[in-house]
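Novice: Attaching a single structure in structure tokens format; questions to follow.
The values are calculated or read from the model by the stated rules, or taken from the named source; none is laboratory data. Note that this is a predicted model, so its numbers are computed, not measured. Cβ atoms come from the backbone with ideal geometry, glycine included; neighbour counts cover every protein chain shown.
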Amino acid sequence: MTLRHMNRREVIAAGVLLVASADAVRAHNGTIHVKIKDLAFSPQEIEARPGEIIEWSNEDRMAHTATVRGGWEVMIPVGAKATHVVQAGDNVDYYCRLHPNMTGRIKVIG
Amino acid sequence: MKMLFAALGAACLSLSAGLALADDRPTDPQIAHIAYTAGVIDIAAAELALSKTADDDVRAFAQSMLDDHKAVNDQALELVGKLGVTPEDNPTSQALVAAADAKRAELAALDGTAFDAAYINNEVDYHAQVLAALDGLLIPSAQNAELKSLLETGYKLFQGHQQHAEHVVEALK
Ligand SMILES: [Cu+2]
């Protein structure tokens, strides 16, 4: 787990200095990594700024999707990575259309 | 083994014929065989659906069943190979196969939207039966930690498929 994977509460608890460095990592990279393994998104909930890139990497042997009901869908084939550029309106719950018990959440910040 | 028959019994009364033969909790080689067989059965149903359906949602669902269960069964074979476990045929596997053969013959006689509806509804039921067996008997009985862990992943897969099947049922309405 890297700093930018920590949720806001953990970051605040870790102190002001860490908040500053987490933001620095974000600013220089702008990619948020979500791992898919054993039919689960990890981390399950992420915070992202508009324009940042979410990159899912599928470590399972089956295809998954990141699907927003009535919205966008990203296909994530076996062993592959797939991305989505965060939009201002992406405060969403998403799920895998092929395995709807897999769920994730995006919280838009900033 | 009694509990597994209880879990499956609601939908397959004929399975109770095997009860007297199988009193004990299944061993790891039997559990591996049952779990693998459960996947093979869903693959066969998917192959039948792919040969019959004209519906895009049903086709995509069946393809997903085929791909996912093949992948997990390959993983299971690699695991039993690594553990030196030889899957062992048993009355539960045999009863599952017999019930599935009968159901597949029933489905094969249907066509068009009647087939689609019967196939998808059976997928909902079948996945529910396997989930009950995994949860009630196979996972608690598994001795090897890696086998137990693979069964737990299998549980999530069957649960995901059941929910996917329910969505297709809604879409067909
Ligand atoms: Cu999935």
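Novice: Output the qualifying pairs, or none if there are none: Cβ atoms under 7 angstrom, residues six or more apart or on different chains, first residue in the range B:60-72 and in contact (Cβ under 8 Å) with a residue 12 or more places away in the chain, second residue among the charged types (D, E, K, R).
Specialist: What qualifies is B:65/B:42; B:66/B:47; B:69/B:42.
Novice: Exactly one of these conditions fails for residue B:87: (1) surrounded by 19 or more Cβ atoms within 10 Å (Cβ to Cβ); (2) assigned to a helix (DSSP H, G or I); (3) away from every other protein chain (no Cβ under 13 Å). Give me its number.
Specialist: Residue B:87 satisfies every listed condition except (2).
Novice: If a residue must be surrounded by 14 or more Cβ atoms within 10 Å (Cβ to Cβ), of a type in the set (S, T, N, Q) and more than 23 Å from residue B:127 (Cα to Cα), how many such residues does the range A:84-110 contain?
Specialist: Matching residues across the range A:84-110 total 1.
Novice: Answer yes or no as to whether residue B:66 is within 14 Å of another protein chain (Cβ to nearest Cβ) and in contact with a Phe, Trp or Tyr (Cβ under 8 Å, 6 or more places away or on another chain). Spell out how you get there, then give the answer.
Specialist: Details: within 14 Å of another protein chain (Cβ to nearest Cβ): yes; in contact with a Phe, Trp or Tyr (Cβ under 8 Å, 6 or more places away or on another chain): no.
For residue B:66, the condition - within 14 Å of another protein chain (Cβ to nearest Cβ) and in contact with a Phe, Trp or Tyr (Cβ under 8 Å, 6 or more places away or on another chain) - is not met.
Novice: Give the range A:35-53 a look and list any residue that's within 16 Å of the ligand (Cβ to nearest atom) and in a strand (DSSP E or B), or say none. It would help to see each step written out before you state the result.
Specialist: Of the range A:35-53, the ones within 16 Å of the ligand (Cβ to nearest atom) are A:35-42, A:44.
Answer for the range A:35-53, where residues must be within 16 Å of the ligand (Cβ to nearest atom) and in a strand (DSSP E or B): A:35, A:36, A:41, A:42.
Novice: Could you please find all residues in the range B:140-153 being farther than 17 Å from residue B:83 by Cα and at the interface with chain A (Cβ under 10 Å from one of its Cβ atoms)?
Specialist: B:152, B:153, listed by residue number.
Novice: From the list B:101, B:67, B:116, B:74, exactly one residue is touching an Asp or Glu at 6+ places or on another chain (Cβ under 6 Å) and part of a helix (DSSP H, G or I). Which is it?
Specialist: Numbers: B:101 fails: touching an Asp or Glu at 6+ places or on another chain (Cβ under 6 Å); B:67 fails: touching an Asp or Glu at 6+ places or on another chain (Cβ under 6 Å); B:74 fails: touching an Asp or Glu at 6+ places or on another chain (Cβ under 6 Å).
Matching residue, one of B:101, B:67, B:116, B:74: B:116.
Novice: Out of all the residues in the range B:73-91, which are touching a residue at least 24 places away in the same chain (Cβ under 8 Å), among the acidic types (Asp, Glu) and over 12 Å from residue B:28 (Cβ atoms)?
Specialist: If the condition is that a residue be touching a residue at least 24 places away in the same chain (Cβ under 8 Å), among the acidic types (Asp, Glu) and over 12 Å from residue B:28 (Cβ atoms), then B:89 is the only one that fits.
Novice: Another question about this same structure. So the check is Cβ under 8 Å with 6+ separation or different chains; which pairs have a first residue in the range B:148-163 that's assigned to a helix (DSSP H, G or I) and a second one that's buried (at least 18 other Cβ atoms within 10 Å of the Cβ) and of a type in the set (Ser, Thr, Tyr)?
Specialist: The qualifying pairs are B:161/B:64.
Novice: Here's a check for you: in the range B:44-63, which residue that is under 22 Å from residue A:79 (Cα atoms) and surrounded by 17 or more Cβ atoms within 10 Å (Cβ to Cβ) is farthest from the other protein chains (Cβ to nearest Cβ)?
Specialist: Going through the range B:44-63, the residues under 22 Å from residue A:79 (Cα atoms) turn out to be B:60-63.
Going one step further and asking which of them are surrounded by 17 or more Cβ atoms within 10 Å (Cβ to Cβ), we end up with B:61-62.
Working: B:61: 9, B:62: 12 Å.
Of everything passing the filter in the range B:44-63, B:62 is farthest from the other protein chains (Cβ to nearest Cβ).
Novice: For the range A:55-110: of the residues being among the aromatic types (Phe, Trp, Tyr) and within 12 Å of the ligand (Cβ to nearest atom), which is nearest to the other protein chains (Cβ to nearest Cβ)?
Specialist: So the first thing to find is which residues in the range A:55-110 are among the aromatic types (Phe, Trp, Tyr), and the list is A:56, A:72, A:94-95.
After this cut, where a residue has to be within 12 Å of the ligand (Cβ to nearest atom) as well, the list is A:56, A:94-95.
Values: A:56: 16, A:94: 14, A:95: 9 Å.
Per the stated criteria, the residue is A:95.
Novice: Return the residues of the range A:57-71 that are surrounded by 13 or more Cβ atoms within 10 Å (Cβ to Cβ) and under 21 Å from residue B:168 (Cα atoms); say none if nothing qualifies.
Specialist: A:62, A:63, A:64, A:65, A:66, A:67, A:68
Novice: Let me ask another. Identify the single condition in (1) under 14 Å from residue A:104 (Cα atoms); (2) modelled with pLDDT of 95 or more that residue A:63 does not satisfy, given that it satisfies every other one.
Specialist: (1)
Novice: On to the next question. Six or more apart or on different chains, Cβ atoms under 7 Å: show the pairs whose first residue is in the range A:81-97 and more than 14 Å from residue A:34 (Cβ to Cβ) and part of a loop (DSSP other than H, G, I, E, B) and whose second is among the β-branched types (Val, Ile, Thr) and within 16 Å of the ligand (Cβ to nearest atom).
Specialist: Here the result reads A:97/A:65; A:97/A:67, each pair linking the range A:81-97 to a residue that is among the β-branched types (Val, Ile, Thr) and within 16 Å of the ligand (Cβ to nearest atom).
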